[in-house]
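A.B. asks: Following this message is one structure expressed as structure tokens.
The values are calculated or read from the model by the stated rules, or taken from the named source; none is laboratory data. Everything numeric in this text was worked out from a predicted model, so none of it was measured. When we count neighbours, we look across all protein chains shown, and the Cβ atoms used for this are built from the backbone with ideal geometry, even at glycine. The protein model used for the area step is the full one, side chains on, heavy atoms only, and it has no ligands, DNA or RNA in it. Shrake-Rupley method; radii C 1.70, N 1.55, O 1.52, S 1.80 Å.
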Amino acid sequence: MNRQNDKMELLGNAPIPKALAALGIPIMIGMMINALYNLADAYFVGGLGESPMGAISIVFPLGQAVIGLGLMFGNGAASYLSRLLGQGGRDAANVAASTALYTSTAAGAVMIILAAIFLRPLLTLLGATETIIPYALIYGRIYIVSCIFNVFNVTMNNIAASEGAAKTTMCALLLGAVMNIGLDPLFIYAFKMGIAGAAIATAVSQFVSTIVYLLYILRGKSAFTFSIREFRPSIKIYIEILKIGFPTLTFQLLTGLSIALINRAANEYGDAVIAGMGAVTRVTSMGTLVVFGFLKGFQPVAGFSYGAKKFDRLREAIKISILWSSIFCIAAGLLTAAFSGQMIAQFANGNEEMILAGQKSLFANGLSFSVFGFYTVYSSLLLALGKGAKGFILGACRQGLCFIPAILLLPKFFGLNGILYAQPVADILSAVITIFMALRLHRELTTAL
């Protein structure tokens, strides 16, 4: 009980810098390590050639769609749970947490079965070439099935973050990532399993993270009980979860769609360009996941403060989060742009065509990354406050409302360069839209006083 009281004290009364650091940094570290394992996966598979590297790029958006279910229920529940805890509704929070976790796992199982049945046509739709499809099938059959662990992990990741259990989330992410980095070279090269080894390594690492969360629940460390008796589906609970969770799922699907559109646009330029853009995605995810990790700590503070009507505390949390995340994004973006060629070369196995395409895109992505923190603070904030419609619109900008027109139109006018620079263009447009929505939100908070 003392541990749970400490969490509530951190959310409601601790100095904002302390609360953000305590809640955000552990998750940030865990997600940074998680991004490193994505890079390691690409690095070790890259040694097998451009077609295997292209295969994991093709399968990636399909996995993201499955994991999106975990994000939908996890992030939707996290926003609701933070507000319930701020209002003192502990019993209602237990029911909401249990309902979200069990529903998420069941829905994930159904989606995985459907994806496994229709795997080949899905991979073709996602842009797999004739030379990539054999590798994509091998990798996808194992990886997609293992996503059931990831659905559970992502749901628990968000629920644990909503109660301030940042260290547990960090440990789950860290242990899984370290396992994956260690097992990749062992399965791929030592056991000579090739791309199947990469998928098996990912499956094992996700299962290990699941064990961490199960121990967290069974040992009673959580503020929530997750009892099957508290699995009480109701229209009210699902509305509260889905009004935030559905936009989150949409963002995840848009991320997968954006990667698929890049792969399909790059299809006519060959496996090397698909592989190069896949490497860009892995490198940029390093920075984006760090920001997302930090903001996992910001969201419960914002939701709790809003639910408790502590608006001065909320505004301070917003201000500090923008400052910290922007400093990181500017520094990381400039470093990425400066060393873009060297970074892409690590995944290219000497393929000059892959290096050239990847370097040009990564350079532009590094520069546009400077606005990512500002944009993400507000897209996360709106969801944390329960403003689902506005959060949906803003969150859909970067990978959807701004990106989809860019990736469909720019290649028609600029060819390959249109593909390489579509994401940076979408980033800038999204930041401009954020300015107008942020001004309106702050006017609403002032009125609420």
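A.B. asks: Among the numbered criteria (1) of a type outside the set (D, E, K, R); (2) open to solvent by 60 Å² or more (accessible area, probe 1.4 Å); (3) out of contact with any Leu (no Cβ under 8 Å at 6 or more places or on another chain); (4) within 25 Å of residue 424 (Cα to Cα), which single criterion is violated by residue 329?
C.D. replies: So the condition that residue 329 fails would be (2).
A.B. asks: Out of (1) touching a Cys at 6+ places or on another chain (Cβ under 8 Å); (2) open to solvent by less than 70 Å² (accessible area, probe 1.4 Å); (3) more than 19 Å from residue 253 (Cα to Cα), what's the single condition that is false for residue 429?
C.D. replies: (2)
A.B. asks: Still on this structure, please answer the following. Just to be sure I understand the filter: pairs with C-beta atoms under 9 Å, separated by 6 or more residues or on different chains, first member in region 253-276 and over 15 Å from residue 52 (Cβ atoms), second member of a type in the set (Ser, Thr, Tyr) and part of a helix (DSSP H, G or I). Which pairs pass?
C.D. replies: Matching pairs, first to second residue: 259/57; 259/281; 262/57; 262/281.
A.B. asks: What residue, among those in region 332-352 that are surrounded by fewer than 17 Cβ atoms within 10 Å (Cβ to Cβ) and under 16 Å from residue 45 (Cβ atoms), is modelled with the highest pLDDT?
C.D. replies: 346
A.B. asks: Working carefully through the options 25, 33, 29, find the one that is modelled with pLDDT of 80 or more and assigned to a helix (DSSP H, G or I).
C.D. replies: 25
A.B. asks: Specify which of the listed residues (287, 256, 278, 270) is surrounded by fewer than 22 Cβ atoms within 10 Å (Cβ to Cβ) and touching a helix residue (DSSP H, G or I) at 6+ places or on another chain (Cβ under 6 Å).
C.D. replies: The unique qualifying residue is 256.
A.B. asks: Then there's this: Filter region 122-132 down to the residues that are surrounded by fewer than 17 Cβ atoms within 10 Å (Cβ to Cβ) and either at pLDDT 95 or above or under 16 Å from residue 48 (Cβ atoms) (or both) and list them by number.
C.D. replies: 131
A.B. asks: Ok, one more. Can you confirm whether region 162-171 contains a residue that is within 19 Å of residue 70 (Cα to Cα) and among the acidic types (Asp, Glu)?
C.D. replies: Yes, region 162-171 has at least one match.
A.B. asks: A follow-up question, please. Give the number of residues within region 226-275 that are of a type outside the set (D, E, K, R) and closer than 20 Å to residue 76 by Cα.
C.D. replies: 25
A.B. asks: Residue 306 fails exactly one of the following numbered conditions: (1) over 21 Å from residue 23 (Cβ atoms); (2) part of a helix (DSSP H, G or I); (3) open to solvent by 40 Å² or more (accessible area, probe 1.4 Å). What is the number of that condition?
C.D. replies: So the condition that residue 306 fails would be (1).
A.B. asks: Here's another thing I want to ask about it. From 279, 275, grab the single residue that is touching a Leu at 6+ places or on another chain (Cβ under 9 Å) and part of a helix (DSSP H, G or I).
C.D. replies: Only one candidate qualifies: 279.
A.B. asks: Scan region 221-240 residue by residue and report those that are assigned to a helix (DSSP H, G or I) and touching a Phe, Trp or Tyr at 6+ places or on another chain (Cβ under 6 Å).
C.D. replies: Hit for region 221-240 is 240, nothing else.
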